[in-house]
Each structure stands twice: as structure tokens, then as C-alpha cells.
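See below for the structure under consideration.
The values are calculated or read from the model by the stated rules, or taken from the named source; none is laboratory data. Bear in mind the structure is a predicted one, so any value in this text is a computation, not a measurement. Note that each Cβ is placed from the backbone with ideal geometry, even for glycine, and that neighbours are counted across all protein chains shown. SASA here: full protein model, heavy atoms, side chains in, ligands and nucleic acids out. Shrake-Rupley method; radii C 1.70, N 1.55, O 1.52, S 1.80 Å.
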Amino acid sequence: MCDTCGCNITDGNRHLVTPGGRLAQTEDGRAAVTVLQSLLSENDHQAAHNRAHFDARGILAVNLMSSPGAGKTALLEATIDALGGRHRIVVIEGDLETENDAARIRAKGVEAVQIATGSACHLDAHMVHDALHRLDLDGVDLVFIENVGNLVCPASFDLGQHLNITLLSVTEGDDKPAKYPVMFRAADLMLLTKTDLLAVLDDFDPGKAERALRLVGSQAPVIRLSPRKGLGLEAWLDWLDSELAAQRARIAAGQTRRPAIQAEGARLHAAEPAGGGHGHAHGHAHEHHHEHEHAHEHRHERTGGARS
């Protein structure tokens, strides 16, 4: 959890701590902890609102996380092609700069919004909320959120998604789950990508990577695939179909699903007991009963981008 590098303050939540913002004033001597806990609590509140919005529209929201270059955008391109219109998709892309990834998705005929985070090494719920206002969600089945390439911070921020997917490229090393346990414990699915390169890489053992995943306490399924070569896509699409069906069943039962927030980050998300409020620590995914009632309905204004 990056409680010292400053990336907890992002363009999405900066208004909360600038003069006049809700969190601008802090208690004397406790500013660092108070501001951080308050920002995370505000993030969780916004994330819950985003998730309720997805649920009210029957949407499954999926957060893709990995190191830079592991193949998140290539996975989305191959998924769009393989689905062939079976499900309607929109995409939120996160990078420090450029519209490159969103442009690749739009070239496939799918609506995409690019979030440029500047110096922030992760997305937050406020950024995602702002992006949702720029998307047409009518008739959408799946929202993919491609997080900033980073194996640390994204795992500790709830964006309003229902599921986390962590990608591990075979070019990175089979010990990554052991080195970055927070990221891999947060995964509901681990995708081993670029597996077509295993024929020329003799230093990556898929079995060892999966054992490392189990040793950090994750029971997430593992799918091996190569999106650019079309390998393993059937298993990936089957998993997506089953999770979409599960989401629809939850909605029919008045339930929702939160993603995992690991203990390392959850401690900071938890408000002090005496303070009450919105804090909650959760080390695994939960399903919750809720009513789909909103104080206001958002009007989604489209500001460009291709329609799917």
C-alpha cells in the first residue's frame, strides 16, 4: 500500500484535500494518517456507488491488473474479436499519459474512454466515476477497466468493479506471485499470457508460477493463453460467460459482489471504530444484499469515441 509515495492523492480525489474541500482540514498531529484514511474511505464510498450503478444496469465490471506490457490491451482486442458481438462491451483505459490504448479499442468498434492519471500509478473510484459519465451504458453487458500497469497499488483500491483479474506474462518470471503477493491475492483469476513464447523461453515454468500463487494463499483459477495467437481464448470466454451469468443471478437475488481488498490496504481503508462511518476491512470478496435505489440517476453524456 503506497502510504508514503503520494499517489493516494490523484486527479480524481484532489478536490477533497485542496482548500475548501471536504478533507482539507485535519486533526493536529495526525494529518498524514487522517488524510489517508479519509481519502480511502471516500474512495470506498464512491466505489460502492459505482458498483450499485453497474448492478442497476445489469453490468459486470472487471478490473484488469498487471505490470506494464503483460498484454492487457491485447487481451481486450482478442476478446472483442472472439466474442463477435455476443456481449456488448465498453472499456475504461488507465495510463499515465497518451490515448494509445483507447485508440486501439476504438479501432475494434468498441467505445473506450482513456483516463490519463498524470503521476498517479493506479486508478481510483472517482476517476472511474468521471469516465462513466462519458460512456453510453445502455445495453452494456461488460465494463472492462484496464488499470495502470503496476503490480502494487491497483490491488488496494476498490473502483466499483465486481472482479479482479491479474495477468502474468511468461516474459516476467514465474516468481512474480511470491514477490508481489498483494496483487496476486486480490485476483479472482490469474491469466498466464504470451504462452506461445514458452517454446523459446526456458526459464519460465507455468507450474512453478501456479505454485507460487497457491503459496500466497490464492485459490484463483489459472488460464494459460496467448491472445495474439488465439490460444486459450475458449477457456477465457467460458469463464467470462459463467461470471456474467453469476452476476445476473446476484442481481436477481438483490445481491452484489465486492472485489478483494487485501489486509495490507484494508487496514488503511478501515475507519477508527469510534468514528463509525464508512470504513470496512475485507480481505476477500463478499456478496451483499442491497436494494437498487439511487438518490439520483446519472445522465451519461458521450463525448466522442466509436460506438460498438
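Quick look at the values:
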quantity	calculated
Computed lengthening from ALA103 to ASP203, 0.36 nm per intervening residue step minus Cα-Cα distance	32.6 nm
Prolate/oblate/rounded label for the stretch 141-243 (Cα gyration tensor, a/c 1.5)	oblate
Distance histogram for the stretch 103-151 (every C-alpha pair counted, 10 angstrom bins, percent rounded to whole numbers)	21, 55, 23, 1
Residue pairs, from the table LYS72/LYS208; LYS179/LYS229; LYS176/LYS229; LYS72/LYS194; LYS208/LYS229, whose Cα atoms sit over 19 Å apart	LYS72/LYS208; LYS179/LYS229; LYS176/LYS229; LYS208/LYS229
Surface share of carbon and sulfur [accessible, 1.4 angstrom probe, percent] for the stretch 136-217	50 percent
Relative contact order (%) - the stretch 146-262, alpha-carbon pairs under 8 angstrom, separation at least six	31 percent
Over the stretch 94-177: Kirkwood hydrodynamic radius from C-alpha pairwise inverse distances, Å	14.2 Å
Accessible area, probe 1.4 Å, largest first, for residues ASP138, ASP188, ASP196	ASP138, ASP196, ASP188
Accessible surface ranking that places the most exposed of VAL222, VAL62 first, with a 1.4 angstrom probe	VAL222, VAL62
With all protein chains modelled, accessible area of CYS121 [1.4 Å, Å²]	30 Å²
Dipole of the stretch 110-202, positive end: most advanced residue of LEU197, SER156, ILE145 [Cβ charges, Cα centre]	SER156
